[in-house]
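The numbers here are math on the coordinates, done by the rules we state, and not lab data. In this text, all values refer to a predicted model and were calculated from it rather than measured experimentally. No Cβ is skipped: glycine too gets one built from the backbone with ideal geometry, and neighbour counts run over all protein chains shown.
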Ligand code: EPZ
């Protein structure tokens, strides 16, 4: 079993390069199904989740080449056919595999796949996905742990999402691009990754307007072609390194930052007294400031992202006062609190709120990653803690962070991965 060992106390220095956004690349790879052609995703993040969704497409008949030298993934979906079913264990392994439902229904009018599992952060229902696809005329059948969708031809419709679900917005958008007529999604998710997906679809020949706003209009077309696409940078990875710099009071440069995408994170960090300059896509942190306590409420974009909640909890554990974090997006996303408390933090959980009393310092301990962002938060705590921190279940971290220990080591952190 692999573990990550962090010896705290080092200042960080130098530069780190941010990878492309996992949460952009996953729906984009699913969307490549729509073209029945060859697409190339440039500078793709070499992550476990990306390999899993590639396996899902290969199990459907796609041919995929992953070039780990130049990080390009070429995907030819000509030979995909709807008679194949993606292997159940792959779909259960990663919820984002469910994003193939919209594209498969749109192209073939039929899809059957295992229901995605829940995970540590919540039950992760798919009711909004299914409601949206049904609105476009799909017949949905549930049973024996599977979901099956059928439709002679999807017909555009107006859909009002009860919650601006990222995945449901993506699935409905991908279902609408080959549907007959126009589809309008109201109360759509506005995350930058939605806009990136829409840009890929439009380059393929789709007509998607309003992505990145709460109202998305899709005019169905008859066919799409494969294209080359370079995804946006990972705003959550960038935010994670900004907090690494703040917790070690370091000055570093972070290459690959889109100021617009990272605004909600910058606003909160500046409330904590952590100011970051961004120029030409490069963020510079100025470290060596005391961390002020703040209150945070996670919200759909452009609110503060839930995927930065664990990392902010790590940071606020060292603030000079009391902070309150309210997690409104997922029902069970505080499992990292008990692990951070093992390192000396003072955190009280009350339902969807966490009260964090800042402490003078953290101490290294043996801790366990409970999801990918929680794992990253524990590494951040380890960087600032006295002595060694040993993190297990690191496979969570590998799902969302490219070469995290290599990137941190290049910044001067004392971190390594061991096999035990
Ligand atoms: C995406 O998950 C991201 N994953 C998550 O990132 C991210 O935390 C989440 O959006 C919120 O921003 C990918 O993009 C691959 P949702 P998704 O549908 O689409 C409820 C990470 O750390 N809901 O917006 O699954 C749901 O239970 C991961 O990179 C329904 O009730 O998120 C949750 O409470 C973790 N019914 C809320 O909406 C549905 O049909 C947000 O879920 C769908 C969702």
Highest mean packing first, using Cβ neighbours within 10 angstrom, the peptides 362-373, 88-99 sort as 362-373, 88-99
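Which percentage, to the nearest 5, of the DSSP beta bridges contained in the stretch 113-210 is antiparallel?
65 percent
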Using R₀ = 60 Å, calculate the FRET efficiency as 1/(1 + (r/R₀)^6) where r is the Cβ-Cβ separation of residue 355 and residue 202; round to 0.05. 0.85
Measuring from centroid to centroid over Cα atoms, what is the spacing of the stretch 119-143 and the stretch 79-112 in Å? 13 Å
Which of the peptides 104-110, 21-27 is most tightly packed, and how do the rest follow, judged by the mean count of other Cβ atoms within 10 Å per residue? 21-27, 104-110
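For the chain, give the share of DSSP beta bridges that are antiparallel, in percent and rounded to the nearest 5; count only bridges with both residues there.
Around 75 percent of the beta bridges assigned by DSSP in the chain are antiparallel ones.
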Angle, helix 259-271 long axis vs. longest principal axis of the chain, Cα atoms, 0 to 90°, nearest 10? 30 degrees
Estimated FRET transfer efficiency when R0 is 41 angstrom, pair residue 395-residue 222 (beta carbons, to 0.05): 0.45
Compute the length gained on full extension between residue 332 and residue 348: take 0.36 nm times their separation in residues and subtract their Cα-Cα distance, giving the result in nm to one decimal. 4.3 nm
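Fully extended, how many nm does the chain gain between residue 299 and residue 146 (0.36 nm per residue separation, minus their Cα-Cα distance)?
Gain in length upon complete extension: 52.0 nm.
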Below 8 Å, C-alpha to C-alpha, sequence gap of six or more: please give me the relative contact order for the stretch 32-158 in percent. 22 percent
Cα gyration tensor category, rounded, prolate or oblate, for the chain with a/c compared to 1.5: prolate
Acute angle (nearest 10 degrees) that the helix 48-59 long axis makes with the longest principal axis of the chain, alpha-carbon atoms: 20 degrees
Over the chain, what is the relative contact order in percent, taking alpha-carbon pairs closer than 8 angstrom and at least six residues apart? 21 percent
Would you please give the FRET efficiency between residue 17 and residue 182, computed as 1/(1 + (r/R0)^6) with r the Cβ-Cβ distance and R0 = 41 Å, to the nearest 0.05? 0.50
Percent antiparallel among DSSP beta bridges with both residues in the stretch 22-229, to the nearest 5? 80 percent
For a test of the definition: using alpha carbon positions, the gyration tensor, and the 1.5 limit on a/c, classify the stretch 22-229 as rounded, prolate or oblate. rounded
Checked the stretch 219-339 with the C-alpha gyration tensor, a ≥ b ≥ c its square-rooted eigenvalues, rounded below a/c of 1.5, otherwise prolate if a/b is larger than b/c and oblate if not; verdict oblate
Treating the angle as unsigned and between 0 and 90°, give the value, to the nearest 10°, between the Cα long axis of helix 372-384 and the longest Cα principal axis of the chain. 20 degrees
Can you put 318, 161 in order of Cβ neighbours within 10 angstrom, beginning with the fewest? 161, 318
Return the distance in nm (one decimal) between the two label points of a simple spin-label model at residue 83 and residue 215, each offset 7 Å from Cα along Cα→Cβ. 4.5 nm
Can you pull the one-decimal nm distance between simple spin-label points at residue 134 and residue 280, each 7 Å off the Cα toward Cβ? 5.4 nm
